[in-house]
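Accompanying notes for the structure given below.
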Amino acid sequence: MNGRKIIHVDMDAFYASVEQRDDPGLRGRPVVVAWKGARSVVCAASYEARRFGVRSAMPALRAERLCPEAVFIPPDFARYQAASRQMREILRRHTDLVEPLSLDEAYLDVTENKCGLPTATRVAKLIREQIREELALTASAGVAPNKFLAKIASDWRKPDGLFVVQPAEVDDFLAPLPIGRLPGVGEVTEARLGELGITRVGDVRLWTVENLEARLGRYGARLWQLAHGIDHSPVVPNRPTKSISAETTFEEDVPLAATGEPIAELAERVWNAARRDGRAARTVVLKLKTREFANLTRSQTLPAPLASSTELAARALALRDRVLLGSEQRFRLVGVGISSMLDKCESSPSGV
């Protein structure tokens, strides 16, 4: 092991917990954060709702069938972002090496910590206490010698739990885990590994890295490393934004010609988000989802950064013209995004 001390902090049912905190009448009740409607999906579910099988990204109608008594709350991202900022302020009291993954989770490198605590476990305990006392919310945490182990550990005793993987315990901790717990092992890869007799992490250790690469390509080497508890990826604070996007799902499927106004509105939202982030972009991305749930993506990389939301909208509409599926085709979703991000200094014209 490399001697690092990494913590992964993960807020418990974050959006739903904020709603229950701010409205005492919701405490102890199954809360689903989602807009009601045929096209809506669940943003978050309280643990009371999860007992009925409700999960994030599930269609809201299915959640309603699984838990008829659920209280549906439309998301209020401004409040969630405010709580997230408070959470990150707590994390930064302990180290400047904080890498947010989303509003509700982050990695910390506490190999050296600002409070002078002797162990990462003590740091994690104090962070969880401060989140509880100051935000009236709970967080789970995992402590380990690297990022991927810390993330697995944070899920071990959810909700409101702490789990520590000591360096000497890594092999015993990993070996019995289902192979699907490793990063990058989705359903397709898991099925392929199953055909090779690999169902547990320990099974990977029976293979050489060369044999795994022959079967799985470049990911074979990564899989071998993870199965042996190896992950050298550092905690990177203030990771630059790689892309910004926004999308909307229509109440009813629409023809391509009817997407013009939504595309212009999405372009405005994306442009404003990029301005807040202080960055420019050279690549425009248009995403469409058909009535049959097929995803279509069109993109264009420009020689110079986008100059305005009007240009972004125009470029996105030009990409729409490259979709040739016939006038009868209907679409359920449209999205606009930008990538190939540049810092302000990179996007500014040169001069004295």
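Structure above, values below:
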item: C-alpha center-to-center spacing [region 104-130, region 305-334] in angstrom; result: 46 Å
item: Largest-first principal axis extents, alpha carbons of region 21-75, Å; result: 29, 21, 16
item: Span-rule helices in the chain, defined as complete DSSP H runs reaching 18 Å or more along the axis (Cα) with Kyte mean at least -1.0; result: 77-92, 120-135, 260-277
item: Estimated FRET transfer efficiency when R0 is 56 angstrom, pair TRP35-ALA168 (beta carbons, to 0.05); result: 0.70
item: Value of Rg/Rh across region 175-227 [Cα atoms, Kirkwood radius]; result: 0.89
item: DSSP-loop GluC sites (Glu not before Pro) across region 256-308, with at most 15 other Cβ within 10 angstrom; result: GLU292
item: Lysines whose Cα lies under 16 Å from that of LYS114, excluding same-chain neighbours fewer than 8 positions away; result: LYS5, LYS125
item: Column: log10 I(q)/I(0), Debye, Cα scatterers of the chain, q = 0.08, 0.13, 0.15 Å⁻¹; result: -0.51, -1.30, -1.40
item: Bins of 5 Å, starting at 0 and running to the largest distance - Cα pair percent for region 277-340; result: 4, 17, 29, 21, 13, 9, 5, 1, 0
item: Over region 111-154 - Rg/Rh using Cα atoms and the Kirkwood inverse-distance radius; result: 0.99
item: Selected from SER17, SER327, SER154 as most flexible by GNM, with the chain as the system and alpha-carbon contacts under 10 Å; result: SER327
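FYI, it's all coordinate maths here, none of it is from the lab. The structure presented is a predicted model; accordingly, all values stated were derived computationally and were not measured. Note that we place each Cβ from the backbone using ideal geometry, even for glycine, and neighbour counts take in every protein chain shown.
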